[in-house]
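J.: Just passing along the structure, written as structure tokens.
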Protein chains: 2
Amino acid sequence: MAVTIKDVAKLANVAPSTVSRVIANNPRISEKTKRRVREAMEELGYHPNYNARSLANRSTQTLGVVMPSSADKVFQNPFFPEVLRGISTKAHENEFTLYMSTGSKEEEILDAVKGMVHGRRVDGIVLLYSRIDDSIMKFLKEEQFPFTVIGKPFKYPDEVTHVDNDNFRAAKDVTEHLIERGHERVAFVGGQLDLVVTVDRLSGYEKALREANLTYRDEYIVHVEFLKEGGHEAVMELCSLEEPPTALVVADDLMALGIMSKLDEIGLSVPDDISIISFNNVMLAEYASPPLTSVDINIFQLGYQAVTCLLEKIEDAESSNKRVCVPHKLVERWSVKTL
Amino acid sequence: MAVTIKDVAKLANVAPSTVSRVIANNPRISEKTKRRVREAMEELGYHPNYNARSLANRSTQTLGVVMPSSADKVFQNPFFPEVLRGISTKAHENEFTLYMSTGSKEEEILDAVKGMVHGRRVDGIVLLYSRIDDSIMKFLKEEQFPFTVIGKPFKYPDEVTHVDNDNFRAAKDVTEHLIERGHERVAFVGGQLDLVVTVDRLSGYEKALREANLTYRDEYIVHVEFLKEGGHEAVMELCSLEEPPTALVVADDLMALGIMSKLDEIGLSVPDDISIISFNNVMLAEYASPPLTSVDINIFQLGYQAVTCLLEKIEDAESSNKRVCVPHKLVERWSVKTL
DNA sequence: TTTAAAAGTGGAATCGTTTACAATAAGAAA
DNA sequence: TTTCTTATTGTAAACGATTCCACTTTTAAA
């Protein structure tokens, strides 16, 4: 069997409790015994058992990460690896490890999450997305389990700690950017309408239009499930309008890619025939032809800050709920033309 | 505090051991008591504590997932979400959960892995990549800890269970595909040379060339770190040769995207000026302009099978090492022209 | 010196399960 | 009846840590 704290204690001629204190580097143990115990640990190749530790401790030093349904196309978005990088960086800095929940159906994921919290597998949870009426967020809230969400909670945003961009503002900015460059017919292509980020960006777009006194047309608002077919239909609709848009605000780089592919197919060129600005600025935005003008939302920071908040919440359950706003910035490339 | 097995026992008027047996659905407990105990669990809202369970059990019902360095650009490849989907599907089917290791430096990841195995946090590990001389694989092998690799281990492939495509064959196939279509000058653009998959694909390419009696030229072999700059240099080199290639075998869809972006920039069109075939067939391949002809390597299956093997290994540590080969298939789109 | 406080360790209970080993009751066979 | 199975449940010891509460020694103060 594995070597335990008792074996170490025996070899070092101390009590198990002493060994435990050495592990925790408790100042009440003399340097001399510490040295002796450490040598014993070294000699035996001792490693603490985390399960035992968690049990005694009532803390796991691990964080749960809840991704969207893996059946969902969103799952493939490079947003997630990048946000994960932010999460794991901060987690690692604080010696926390990550536990992942996945599932293909919403209910499956909810079960997994329930398992995490009831089974005491994690000390806190990061929700990587925010949907309207999300059962998982509801559950976490009811249980009063420490969690943070990336994106803005639809209901009661004040009651749950979250980190988000100012998506309303960002969308307004890019729409104005387009308007300033002479575009008067700009359309909006959004993703799943049940994602809060979609509705935020949509309202930013609308606001910009209104402020510029441009007519707002329902036909210019289109939603794409991010599936190829859906995207293509949407593009066709838009292009076959009597007054087709001269510019597109697209809620996601990947969607923009799909749209450009279709545009290319029907012989329209970006940015000469139509301009595009999208969001997220994932690596791919740079690889597109032409490279995409995109809003950098600092995905890494979203993840990093989410964990920062979560750790605070774990530390002090009573700490008040926060909202962290990660700044965005427009990265101009070649998909926008000045009219 | 949380409700424990003892509380349930008290309410149901049985011993804790009985409750435990009811949880395990042990046939030696009468249906009557089972019912009674279950009611008690229901009433109290009981949920087993996984840490305690793992401790007593010496098994965690969780699998470790080792990703490549998050600092690495590869990390962003849609390959990973998809392989994760396969992994989590199979894991879920068997009521296993996932534990994730990440880190930005190789050593950091190794530490994390050591933590997983020594700390008894997981019952087995899936390695999502195979590199030449990988310290993590070495460690796992020395420890004789159950693990499987996605991709082919460079050293001692017979001694470690792995699931892979026949990458040699796949590369040979696509190269021949190009040759059959009249291409005589076909170049190879590979990724990091320390990934085994790269060298396998490279040798398949070479073999096809040799068998077709085409001259093999060093200048036609190029490796790209997948970073934009590197990719661009490579493209420039290739295109400025006296006899530039008419077709490219590119080891990864994403790389192909980057290359096409550069090609577009310097005014070369795919497939009219140059044909491209790439690997993996991630969703993006379809979104490219033009849509990419790509080898579908069935990423989902890679993940699914890796877990299947791993579970066998966990079940029976003595089981012999396996190699599972997941079939590939060429998906033709519009990036190849017949000369 | 005597006494009080501080420093350093050890003992034993505890965290919430599982499981080997009894123990009891009920039914079948003799 | 008595005895032997068999079915069902209970007891108590792990699993491998942490931590509260003593208990010695020292050291400092009186």
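J.: Run through the other copies and list how far each one's label point is from that of residue B:31, in nm with one decimal, shortest first; the point sits 7 Å from Cα along Cα-Cβ.
T.: Counterpart label points of residue B:31 in the remaining copies fall at 7.1 nm.
J.: If you roll a 1.4 Å probe over the protein assembly as shown with all protein chains in place, what percent of the accessible area is carbon or sulfur?
T.: Working: 14280 of 30130 Å².
Looking at the protein assembly as shown in its full context, I get 47 percent from C and S.
J.: Which percent of Cα pairs goes in each bin when the distances of chain A are cut into 10 angstrom slices starting at zero?
T.: Going out from 0 Å in 10 Å bins, chain A shows 5, 23, 26, 18, 13, 7, 5, 3, 0 percent.
J.: Moving on to the next point. Using C-alpha positions alone, give me the convex hull volume of the stretch B:1-120 per residue in cubic angstrom. Write out the running numbers ahead of the final one.
T.: On the way: hull volume 16.1 nm³, N = 120.
Enclosed volume per residue, from the Cα hull, is 134 Å³.
J.: Consider all pairwise Cα distances in the stretch A:167-296 and report the whole-number % of them above 24 Å. Don't skip to the end; give the middle numbers.
T.: Details: 1416 of 8385 pairs.
Counting every Cα pair in the stretch A:167-296, those more than 24 Å apart make up 17 percent.
J.: Treating the protein assembly as shown as a set of equal point scatterers at the Cα positions, no solvent, please give the Debye-formula log₁₀ I(q)/I(0) at q = 0.08 Å⁻¹.
T.: Results for the protein assembly as shown at q = 0.08 Å⁻¹ read -0.69.
J.: On to the next question. Compute the accessible area of each residue in the stretch A:282-303 twice, once for its chain alone and once with every protein chain present, using a 1.4 Å probe on heavy atoms, and list those whose area falls by at least 10 Å².
T.: Those are A:283, A:284, A:286, A:287, A:289, A:291, which lose 10 Å² or more relative to the chain on its own.
J.: Still on this structure, please answer the following. May I ask you to derive the FRET efficiency for residue A:242 and residue A:273 from their Cβ-Cβ distance with R0 = 22 Å, giving the value to the nearest 0.05? Could you put the intermediate results ahead of the total?
T.: Working: r = 16 Å, r/R0 = 0.74.
Given R0 = 22 Å and the Cβ-Cβ separation, E is 0.85.
J.: Whenever you get a sec, line up B:173, B:158 from highest to lowest accessible area (probe 1.4 Å, protein heavy atoms). Don't jump to the answer; show the numbers that get you there.
T.: Values: B:173 50, B:158 130 Å².
Ranked from most to least accessible, the order is B:158, B:173.
J.: Here's something else I'd like to know. Hey, if we sort B:130, A:289 by accessible area with the 1.4 Å probe, largest down, what's the order? Don't skip to the answer; put the middle values down first.
T.: Working: B:130 10, A:289 40 Å².
The residues order as A:289, B:130, largest area first.
J.: Compute, for residue A:162, the solvent-accessible surface of its heavy atoms (probe 1.4 Å) with the complete set of protein chains present, and express it in square angstrom to the nearest 10.
T.: 0
J.: Grab the beta carbon distance between residue A:106 and residue B:212, set R0 = 45 Å, and tell me the FRET efficiency rounded to 0.05. Write down the numbers at each step before the final one.
T.: Values: r = 52 Å, r/R0 = 1.15.
Plugging the Cβ-Cβ distance into 1/(1 + (r/R0)^6) gives 0.30.
J.: Here's something else I'd like to know. DSSP loop trypsin sites (Lys or Arg not before Pro) in the stretch A:12-87 with at most 13 other Cβ atoms within 10 Å of their Cβ, which ones? Write out the running numbers ahead of the final one.
T.: Working: sites: A:21, A:28, A:32, A:34, A:35, A:36, A:38, A:53, A:58, A:73, A:85; in loops: A:28, A:58.
Of the trypsin sites (Lys or Arg not before Pro), the ones in loops of the stretch A:12-87 whose Cβ has at most 13 other Cβ atoms within 10 Å are A:28, A:58.
J.: Still on this structure: Residues in the stretch B:157-186, backbone N under 11 Å from the label point at residue B:322 (7 Å along the Cα-to-beta-carbon vector): list them, ranges by number please.
T.: B:161-163
J.: To continue, here is another question. In a Debye calculation with equal point scatterers on the alpha-carbon sites of the stretch A:5-48 and no solvent, what is log10 I(q)/I(0) at q = 0.22 Å⁻¹?
T.: Taken in order of the listed q values, log10 I(q)/I(0) reads -0.58.
J.: Now for a separate question. For the Cα atoms of chain A, what angle does the longest principal axis make with the long axis of helix A:31-44, in degrees from 0 to 90, nearest 10?
T.: It is inclined by approximately 80 degrees.
J.: What quantity of accessible surface, computed with a 1.4 Å probe and excluding non-protein components, is buried in total between chains A and B, in Å² to the nearest 100? List each step's numbers first, then the result.
T.: Details: alone 17560 and 17550 Å², together 30130 Å².
Summed over both sides, the interface buries about 5000 Å².
J.: In deg cm²/dmol, rounded to 500, what helix-only [θ] at 222 nm does chain A give when every DSSP H run of at least 4 residues adds -39500 (n - 2.57) and the total is split over its residues?
T.: Details: 13 runs with 152 residues, N = 339.
Counting only the DSSP helices, I get -14000 deg cm²/dmol.
J.: Between the alpha-carbon centers of the stretch B:273-296 and the stretch A:71-101, tell me the distance in whole angstrom.
T.: Each part's Cα centre sits 27 Å from the other's.
J.: Which order do A:105, A:155 take by accessible area at a 1.4 Å probe, largest first? Present the calculation step by step, with values, prior to reporting the outcome.
T.: Details: A:105 120, A:155 100 Å².
Accessible-area ranking of A:105, A:155, largest first: A:105, A:155.
J.: Could you tell me whether the stretch A:94-229 comes out rounded, prolate or oblate from its Cα gyration tensor? Rule is a ≥ b ≥ c as square roots of the eigenvalues, rounded for a/c under 1.5, then prolate if a/b exceeds b/c, otherwise oblate. Please list the in-between numbers first.
T.: Details: a/c = 2.94, a/b = 2.28, b/c = 1.29.
Since a/c reaches 1.5 and a/b is larger than b/c, the shape of the stretch A:94-229 is classed as prolate.
J.: Sticking with this one: Taking each residue in A:78-88, count the Cβ atoms of any other chain within 10 Å of its Cβ, then average. What number comes out? Don't skip to the answer; put the middle values down first.
T.: On the way: counts 8, 1, 5, 10, 3, 0, 6, 8, 1, 3, 9.
That works out to 5 on average.
J.: How far is helix A:79-93 tilted off the main Cα axis of chain A, in degrees rounded to 10, range 0 to 90?
T.: 30
J.: Sticking with this structure for a sec: With an 8 Å cut-off on Cα pairs and a minimum separation of 6 or more residues, tell me the relative contact order of chain B in percent. Each step should come with its number before you reach the end.
T.: On the way: 597 pairs, mean separation 59.1, N = 339.
Computed over chain B, the figure is 17 percent.
J.: Karplus couplings for the stretch B:320-334 from phi (6.51 cos²θ - 1.76 cosθ + 1.60, θ = phi - 60°), rounded to Hz, Gly and Pro as x?
T.: 3J(HN,Hα) across the stretch B:320-334, in whole Hz: 6, 6, 10, 10, 9, 10, 8, x, 10, 7, 6, 10, 8, 10, 10.
J.: Structure shown: which of A:313/B:6; A:73/B:337; B:152/B:172 lie over 19 Å apart, alpha-carbon to alpha-carbon?
T.: Numbers: A:313/B:6 30 Å; A:73/B:337 30 Å; B:152/B:172 17 Å.
Check vs 19 Å cut-off fails for A:313/B:6; A:73/B:337.
J.: Here's something else I'd like to know. Figure the gain on full extension for residue B:15 and residue B:339 (residue separation times 0.36 nm, minus the Cα-Cα span) and round it to one decimal in nm. Please report the intermediate quantities before stating the final value.
T.: On the way: separation 324, 0.36 × 324 = 116.64 nm, distance 8.01 nm.
That pair, residue B:15 and residue B:339, stretches by 108.6 nm at full extension.
J.: What average number of partner chain Cβ atoms lie no more than 10 Å from the Cβ of the residues making up B:120-127? Please list the in-between numbers first.
T.: Details: counts 7, 8, 0, 0, 0, 0, 0, 0.
Counting Cβ atoms of other protein chains within 10 Å of each residue's Cβ and averaging gives 2.
J.: May I pose another question? Using the heavy atoms of the protein chains alone and a 1.4 angstrom probe, what is the accessible area of the protein assembly as shown per residue in square angstrom?
T.: Working: 30130 Å² over 678 residues.
Here the residues of the protein assembly as shown average 44 Å² of exposed surface.
The values are calculated or read from the model by the stated rules, or taken from the named source; none is laboratory data. For clarity, every value in this text was computed on a predicted model and none was experimentally measured. For neighbour counting, all protein chains shown are included, and Cβ atoms are generated from backbone atoms with ideal geometry for every residue, glycine included. Just so you know, the surface numbers come from the protein's heavy atoms only, side chains and all, with ligands and any DNA or RNA stripped out. Shrake-Rupley method; radii C 1.70, N 1.55, O 1.52, S 1.80 Å.
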